[in-house]
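Right, one structure below, let's go through it.
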Amino acid sequence: MTSSKQALAHAASADAAPGDQPGAAGRAQGRGTPPPGKDSWRSRLYRWDMKASPYAFVAPFFIVFGAFSLVPLLYTAWYSLHNVQLSNLDGQTWTGLDNYQNLLSSDFFWNALWNTFTIGVISTVPQLLMAIGLAHLLNYKLRGSTVWRVVMLTPYATSVAAATLVFVLLYSWDGGMINWLLEFVGIDPVNWRESDWGSQFAVSSIVIWRWTGYNALIYLAAMQAIPADLYESAAIDGANRWQQFLHVTIPQLRPTILFTVVVSTIGATQLFGEPLLFGGVSGSKGGSEHQYQTLGLYMYDQGWIIGNLGKASAIAWSMFLILLIVAVIQLLVSRRLRKSQ
């Protein structure tokens, strides 16, 4: 009797349509795969959403980048190959590489390139050394550490115009506090705007004041990520705090130091606001004798004062190529550091 019931059940399951399963197994499979027909468009919509949503999320960045970065970059490259005047933008004349050849033969370009390099060195080296020292002090447990960190970031939050105007008063030839301090210690006053190295030092001091605290906080974040076991092992071996700083902190900060050097180099290459406002009427010229005219000022002077947009575009692309060289050097050095570790 039992065997006959089992045979009937087996026959019923064999007569069922392909894909149909009796019991809980069939119901479970029905929930996992939508049936064909009216629900098939939902499956297609789901698959399309899974594929297209990531691109939709990142699309705003690429749209903004293309509209405000890529298109101007390519348009500037096109301008650099033409003779374009600000007063007649439609009257473009093809010149090829003449604008670049004129730059290479121009004493003003090499002077601006040298000034950019010297101001970059004078502002970057003391800035990063002071930033490491301040970060090392802030890394200790101090009272009101949060307040000190905010104070470090205050110069960075100050506008370039406000900071530069204050330094213009400090470096004033007649009545400036810097010359007053020099006279107080028996040193003759310096005409900071007309002096070659004096004007570059004055411009560099503005950059140092604005960016030291910012880099100090970057170093501080990197120092706090160093494992405490390294300092404990160094202390057990008899190293004092200065030795721990030299042999533990500095080696661990190498990638961060490389990053800040590259960022500071890029900022020095694009230096514009500080020397422009410091020079006053002759700011775009970088002084009466172009003694602190940077590449940014030279590009501004050629493009907006003289009106030669073709040459200004060539200067812009020269700066871009310099930044590419810096990026390649940074890549090679970072690879070497990773191999050494």
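The values are calculated or read from the model by the stated rules, or taken from the named source; none is laboratory data. Please read all numbers here as calculations on a predicted model, not as lab measurements. Here the Cβ is made from the backbone with ideal geometry for all residues, glycine too, and neighbour counts use every protein chain on show. Please note that ligands, DNA and RNA were not included when accessible areas were found on the heavy atoms of the full protein model with its side chains. Shrake-Rupley method; radii C 1.70, N 1.55, O 1.52, S 1.80 Å.
Brief remarks follow.
- Here the peptides 235-248, 186-199, 56-69 are ranked by packing, the mean other Cβ count within 10 Å, and the order with the highest first is 186-199, 235-248, 56-69.
- For the chain, with +1 on Lys and Arg beta carbons and -1 on Asp and Glu, the positive-most of Leu104, Val190, Gly267 along the dipole: Gly267
- With one equal scatterer per alpha carbon and no solvent term, the Debye-computed log10 I(q)/I(0) for the chain at 0.11, 0.16 1/Å reads -0.93, -1.38.
- Segment 171-307: C-alpha gyration tensor shape, a/c 1.5 cut-off, then a/b vs b/c: oblate
- Projecting label points 7 angstrom from Cα along Cα→Cβ for Asp107 and Ser87 puts them 2.7 nm apart.
- Of Val150, Val326, the residue with the largest accessible area leads and the full order is Val150, Val326 (1.4 Å probe).
- Loop sites in segment 90-190: trypsin sites (Lys or Arg not before Pro), DSSP, at most 16 other Cβ within 10 Å: Lys141, Arg143
- Computed lengthening from Lys141 to Glu289, 0.36 nm per intervening residue step minus Cα-Cα distance: 48.3 nm
- Residues of segment 86-120 falling in the label zone of Ile325, defined by backbone nitrogen less than 14 Å from a point 7 Å along Cα to beta-carbon, are 104, 110-118.
- In this structure Tyr100 has an accessible area near 50 Å², from a 1.4 Å probe over the protein heavy atoms.
- Förster-model FRET efficiency, 41 Å R0, Met50 and Val160, C-beta, rounded to 0.05: 0.30
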